[in-house]
Amino acid sequence: MIDEYIRSVLIFAGIHVIAAYSFYVPFKTGQISLGQAGFMGVGAYAAGIVTAKLGLPFPLGLLFGGVVAGLVGIGVGFPALRIRGIYLLLLTLGFAEIVQVVILTWDYTGGAQGFQNIPFLEDALVWIYGIIALLVVFFARLERSSLGRAMDAVHEDETAAEVMGVDVVRIKLFAFGLGAFIAGLAGALFAHYSTYVDSVTFNILVGVEILMFVLVGGGFSYWGPLFGAMFLSLLPEFLRALRDPMELIPLSWTEHAPWNQIYDAVYEFLDFENEKRLIVYGLVLILMMVLRPQGLITRSTIRPFQLVQRRMHNA
């Protein structure tokens, strides 16, 4: 049996991985979205309505949450077709804010009181890591497919890709819709594990976190979002564990200034309550941008493993 604390950490880390993959899909076509938190909110509420309001089983709620979020993503993707860069960020950010306002004023799901009494998902760990395994297999196949190469071509140069016969509009809408679908799954899983969501559960900070997962892990390989989300999700837990060894330091070593102030400040910082983990995320991101701007995992990093895999397959 897994300790409940470790189980909870692994569950939320897994949800972060799924959310990171939702950002990776549109990013693969050159679209940077801060609206993934909004799509998670859509998926969470859609799935919650199916299970809590209609009494249907969780698998139907999960699928419904993903499909509704995916359809909304396609709708958002249409105005995003002709804009890029900061304007796309602003558009998706505006979408996420609209979702928050709608959730806040929607009395059917509790409005400002939040959506309560969502059925608890007992085997959340199995569902989450099962979906992650499916996503890894899917992206591994996508990487070697003509569709994956077309998405990479759109990312590099839309005009050149269109000249080569790539349907840029269809590719970008597919990427936006699929990313929103995956975000909807992440939101549905979060809602059924926490059993409560409200208008601030999927705020702009969640969208920034998802962006950081991919930037730190690496956005040019499908392993990047997985490693980035796991690394940043588990890092605060590791640093929080450093408080226990600090308690073993003799009081005589820290009772005099300035050591007592330094000790108290470090001990207080390592509790990571509220948004303190974002400070660590920011520091890690700054270091990554200076030392390894391409992220932890790149295509060159995994190329030796791919060569070994191909040799074993050919043998």
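I need the trypsin sites (Lys or Arg not before Pro) found in the range 1-94, filtered to DSSP loop residues with at most 11 other beta carbons within 10 Å of theirs.
Values: sites: Arg7, Lys28, Lys53, Arg82, Arg84; in loops: Lys28, Arg82, Arg84.
The qualifying sites are Arg82.
In vacuum, with every alpha carbon of the range 51-196 counted as one equal point scatterer, what does the Debye formula give for log10 I(q)/I(0) at q = 0.08, 0.15, 0.17 Å⁻¹? Two decimals, please. Treating every Cα as an identical point scatterer, log10 I(q)/I(0) equals -0.29, -0.91, -1.08.
So, by mean Cβ neighbours within 10 angstrom, what's the order for 17-27, 57-67, 130-140 with the highest one leading? Can you show the working numbers first?
Details: 17-27: 28.6, 57-67: 19.7, 130-140: 15.2.
Most protected by this proxy first, the peptides run 17-27, 57-67, 130-140.
With the convex hull drawn over the C-alpha atoms of the range 106-181, the volume per residue is 136 Å³.
The label-point distance for Leu56 and Thr195, in a model that sets each label 7 Å from Cα toward Cβ, rounds to 2.3 nm. Rolling a 1.4 Å probe over the protein heavy atoms of the range 1-78, with every protein chain left in place, gives an accessible area that is 78 percent carbon and sulfur. Compute the label zone of Asn203 within the range 18-50: residues whose backbone N is under 18 Å from the point 7 Å along Cα-to-Cβ. Zone members listed by number: 34-42. Which stretch or stretches of the range 29-73 have amide N atoms under 17 Å from the point lying 7 Å from Leu147's Cα along the Cα→Cβ direction? Only 29-30, 67, 70-71, 73 fall inside the zone, counting backbone N under 17 Å. When the accessible area of the range 81-150 is split by element with a 1.4 Å probe, what percent falls to carbon and sulfur? That fraction is 65 percent.
The values are calculated or read from the model by the stated rules, or taken from the named source; none is laboratory data. Please read all numbers here as calculations on a predicted model, not as lab measurements. With ideal geometry, Cβ positions are generated from the backbone for all residues, glycine too; neighbour counts draw on all protein chains shown. We work out accessible area using only protein heavy atoms, side chains counted, and drop any ligands, DNA or RNA first. Shrake-Rupley method; radii C 1.70, N 1.55, O 1.52, S 1.80 Å.
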